[in-house]
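This report concerns only the one structure given below.
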Amino acid sequence: EASTQIDRYLRMKVKKHEGLTTLMIDLEGTLDRFNVQEVKKRIVQAAQKARMDIVVNFEHLKHATPAALQALVDKDLLHKISPYARLRYLNLKQAFQEAVGNLSLAGFELQGVERIG
């Protein structure tokens, strides 16, 4: 298990889920346009190294700007990790119903909410 504090507002906990052979990334705190770039970079690095699916859990995120959420559903991110892993989001819509309403989620999979493909 590894955890990182990207800046004073966002904490990222990463652990391998043995039963599902996935990497679970729990985000806690605030996601903004500054720290989302670091999150994206680490998702790509994790996919390339671990070569397993990645699940990003938004359950404990307290706030996210619409720009940060849109950056996480950028097709460029999906393209960068697609040779190595699939990316799934957990609890995104429940945590940020209002902000998510305006996102384009084509090509992304939201666990526990709906599947978009």
Handout entry: Highest average packing first - 47-59, 25-37, Cβ atoms within 10 Å
Key = 25-37, 47-59
Problem - Nearby lysines by direct alpha-carbon distance to K80 (threshold 22 angstrom, same-chain neighbours under 8 apart not counted) - result: K13, K15, K16, K40, K41, K49
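Read the figures in this text as sums done on the coordinates, not as results from a lab. Only a predicted model underlies this, so the values are computations on that prediction, with no experimental measurement involved. Because the Cβ atoms are built from the backbone with ideal geometry, glycine has one as well, and the counts that use them run over all protein chains shown.
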